[in-house]
Amino acid sequence: MNFKKIPKLKIGNLEAKIPIIQGGMAVGISLSGLASAVANAGGIGVIGTAGIGMLEPDAAKNFTEANKRALRKVIRKAKEMTRGIIGVNIMVALSDFYDMVKIVVEEKADLIFLGAGLPLKGLQMLVPDKLKKVKTKIVPIVSSSRAAKIIFQYWKKNYNHVPDAVVVEGPLAGGHLGFKKEQINNPDFTLEKILPEVISVIKPYEDEFDKGIPIIAAGGIYTGADIYKYIKLGAQGVQMATRFVTTYECDASIKFKETYLKCKKDDLMIIDSPVGLPGRAVKNKFLEEVSSGIRKPFKCSWKCLKTCNFKKAPYCIALALTNAQQGKLEDGFAFAGSNAYRADKIISVKELIANLSEEYEKA
Ligand SMILES: Cc1cc2nc3c(=O)[nH]c(=O)nc-3n(C[C@H](O)[C@H](O)[C@H](O)COP(=O)(O)O)c2cc1C
């Protein structure tokens with residue numbers, strides 16, 4: 001492998017050999033297997049936490065404890081499997097958001113990625129000071145320069161500290177999207193447009209806080225040539241998720257991966273998630289039934305997302321995604337980015353990273 005031309009990615013004192021962050025994927029799509037493989041290949045591996053406790057045997061009875069236990073276990077396992085860089089993705093909308101953040105800090109993960117909401121109050125535990133060292137670097141995920149501005153202004157005023165990097169996620173990403181439905185195909189909301197806007201909002205904070213704050217582009221980035229394009233546009237790295245699903249090391253069942261291999265461009269659809277955000281997923285019978293008004297009864301033993309209106313929701317998203325992760329796609333569905341239809345075989349993470357680096361160099 002020749003990494004001469006693809007640049008490194010520095011976030012504070014962390015240095016990834018290649019500027020690729022594997023986006024955190026819940027429920028259970030990126031756990032210790034995928035995250036450690038990416039870290040071993042020189043990128044940054046990220047564990048997805050939403051619903052992580054669903055994979056524990058006592059999830060229904062004891063969801064908060066199961067969640068905490070599962071997260072601790074997965075971080076420890078990932079660290080046993082690599083000496084590379086490991087991050088954890090936490091949705092701000094989770095009801096046990098603060099418990100999850102606390103575990104990430106205690107377990108000394110390298111980075112914490114905070115998306116699906118604005119990470120503002122109550123995060124003192126992430127701020128280092130004279131009395132406490134915090135190893136975990138903070139990386140919010142935003143979909144607009146407005147969100148970036150609100151977060152940085154708040155952190156400056158309340159913590160006298162600002163995040164260490166920012167992921168800018170455009171509308172071509174998979175999973176929940178930080179856009180209104182009508183913005184998704186609107187040319188004013190493309191990643192190419194939002195990225196430079198976020199860069200100009202963050203730039204002054206680099207001087208003021210005397211640190212580099214790399215901006216990472218995400219959403220629809222699929223090839224080495226795409227990586228090159230966004231680095232040229234001013235990003236210091238990229239976050240990619242969809243492309244990592246069709247690897248041996250991805251923690252989902254083979255049936256989940258096969259939904260990507262089989263899917264066509266037209267099969268990718270935008271859903272109204274019970275979370276209150278649009279999301280991109282692979283169309284299947286389950287989603288077709290839901291769109292035609294069929295309800296999928298469930299018992300909510302623990303309202304896992306603050307924003308979920310579980311009394312009205314036609315199905316439980318945590319359950320549907322857990323079923324999909326385990327290959328039970330008749331009772332769930334796969335989230336996927338807009339490029340999911342492009343995969344035609346499963347390869348190793350090592351091979352994928354080598355291909356991306358080579359494509360980058362050619363570009
Ligand atoms: C199956 C799947 C699950 C995802 N789950 C999460 C999640 O739990 N939290 C999050 O912030 N982003 C999630 N995402 C978004 C990714 O982390 C990533 O930023 C995005 O998909 C990048 O676009 P790409 O998939 O086109 O590379 C998910 C994406 C996919 C495909």
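Taking R0 as 56 Å, what FRET efficiency do you get between Lys8 and Ile294 from their Cβ-Cβ distance, rounded to the nearest 0.05? Let's see the in-between values first.
Details: r = 50 Å, r/R0 = 0.89.
For Lys8 and Ile294, the calculated efficiency is 0.65.
What's the FRET efficiency of Lys193 with Glu65 using the Cβ-Cβ distance as r and R₀ = 41 Å, to the nearest 0.05?
Numbers: r = 44 Å, r/R0 = 1.07.
It comes out at approximately 0.40.
For Lys232 paired with Asn186, estimate the spin-label separation in nm (one decimal), with each label point 7 Å from Cα along the Cα-to-Cβ line.
Those two pseudo-labels are separated by 2.8 nm.
Listed highest first by mean packing, meaning other Cβ atoms within 10 Å per residue, what order do 283-294, 246-257 come in? Intermediate results must be reported in sequence, preceding the final value.
Working: 283-294: 14.2, 246-257: 20.2.
Packing proxy ranking, top to bottom: 246-257, 283-294.
Using the charge dipole of the range 78-173 (Lys, Arg: +1 at Cβ; Asp, Glu: -1 at Cβ; taken about the Cα centre), state which of Val134, Ile86, Tyr98 has its Cα farthest towards the positive end.
It is Val134, whose Cα lies furthest towards the positive end.
How large is the accessible surface of Arg72 in square angstrom, using a 1.4 angstrom probe and rounding to the nearest 10?
70 Å²
Viscosity 1.002 mPa s, temperature 20 °C: what is the translational diffusion coefficient of the range 225-326 from Stokes-Einstein with a Kirkwood Rh over Cα pairs, rounded to a whole number of µm²/s?
On the way: Rh = 15.9 Å.
Roughly 134 µm²/s, to the nearest whole number.
Once you have all Cα-Cα distances for the range 267-363, histogram them in 10 Å bins from zero and send the whole-percent values.
P(r) over the range 267-363, rounded to whole percents: 14, 39, 24, 16, 7, 0.
Starting from the Cα gyration tensor of the range 251-301, take the square roots of the eigenvalues, sort them a ≥ b ≥ c, and report rounded, prolate or oblate (rounded when a/c is under 1.5, otherwise prolate if a/b is larger than b/c, else oblate).
Working: a/c = 1.81, a/b = 1.41, b/c = 1.29.
It comes out prolate by the Cα gyration axes.
Considering Cα pairs under 8 angstrom that are at least six residues apart, work out the relative contact order of the chain and quote it in whole percent.
On the way: 772 pairs, mean separation 67.4, N = 363.
Rounded, it is 19 percent for the chain.
Quick check: from the Cα gyration tensor, does the chain come out rounded (a/c under 1.5), prolate or oblate? Intermediate results must be reported in sequence, preceding the final value.
On the way: a/c = 1.37, a/b = 1.17, b/c = 1.17.
In terms of gyration-tensor shape, rounded.
How long is the range 61-145 along each principal axis, judged by its Cα atoms, biggest number first, in Å?
So the extents along the principal axes, rounded to whole Å, are 36, 35, 27.
Using a 1.4 Å probe over the heavy atoms of the protein chains, calculate the carbon and sulfur portion of the accessible area of the chain as a whole percent. Please list the in-between numbers first.
Details: 8340 of 16140 Å².
Of all accessible area on the chain, carbon and sulfur atoms account for 52 percent.
In percent, how large is the relative contact order of the range 139-192, given Cα pairs closer than 8 Å and 6 or more residues apart?
Working: 47 pairs, mean separation 20.0, N = 54.
After rounding, I find 37 percent.
Stretched out fully, how many nm does the piece from Phe310 to Ser253 gain, at 0.36 nm a residue minus the Cα gap?
Values: separation 57, 0.36 × 57 = 20.52 nm, distance 2.70 nm.
Result for the pair: 17.8 nm of gain on full extension.
Taking a probe of 1.4 Å, how large is the accessible area per residue of the chain, in Å²? It would help to have the intermediate numbers written out before the result.
On the way: 16140 Å² over 363 residues.
I get 44 Å² per residue for the chain.
Gap in Å between the Cα centre of the range 78-95 and the Cα centre of the range 130-178?
16 Å
Which one, Gly237, Tyr205, Ile215, projects farthest toward the positive side of the charge dipole computed for the range 203-246 from Cβ point charges (K/R +1, D/E -1)?
Gly237
Using just the helices of the chain, give the 222 nm mean residue ellipticity in deg cm²/dmol: DSSP H runs with n ≥ 4 each add -39,500 (n - 2.57), and the total is spread over all residues, rounded to 500. Please report the intermediate quantities before stating the final value.
On the way: 11 runs with 123 residues, N = 363.
Value at 222 nm, helices only, nearest 500: -10500 deg cm²/dmol.
Could you name the aspartates and glutamates in cross-link range of Lys102, using Cα to Cα under 17 Å and dropping any fewer than eight places away on the same chain?
Result set, ordered by chain and number: Glu65, Asp110, Asp129.
Summarise the long-distance tail of P(r) for the range 202-265 by giving the % of C-alpha pairs beyond 13 Å.
Working: 1415 of 2016 pairs.
Counting pairs separated by more than 13 Å, the tail of P(r) holds 70 percent.
Which one of Ala336, Leu261, Ala354 is farthest out on the positive end of the charge dipole of the range 247-363, using unit charges on Cβ (Lys, Arg +1; Asp, Glu -1) and the Cα centre as origin?
So the residue furthest toward the plus end is Ala336.
Please tell me the relative contact order of the range 221-318 in percent, rounded to the nearest whole number, where contacts are Cα pairs under 8 Å and at least six residues apart.
Values: 76 pairs, mean separation 18.3, N = 98.
Computed over the range 221-318, the figure is 19 percent.
Measuring from centroid to centroid over Cα atoms, what is the spacing of the range 17-68 and the range 299-361 in Å?
Centre-to-centre (Cα) distance: 12 Å.
State to the nearest 20 debye the size of the charge dipole of the chain about its Cα centre, where the only charges are +1 on K and R beta carbons and -1 on D and E beta carbons.
Details: 54 positive and 37 negative charges, 115 e Å.
With only Lys, Arg, Asp and Glu charged at Cβ, the dipole is about 560 debye.
The values are calculated or read from the model by the stated rules, or taken from the named source; none is laboratory data. Being a predicted model, the structure only gives us computed values, none of them experimental. Positions of Cβ are backbone-derived with ideal geometry, glycine not excepted, and every protein chain shown enters the neighbour counts. Each accessible area value is taken on the protein alone, full model and side chains, heavy atoms only, with ligands, DNA and RNA left out. Shrake-Rupley method; radii C 1.70, N 1.55, O 1.52, S 1.80 Å.
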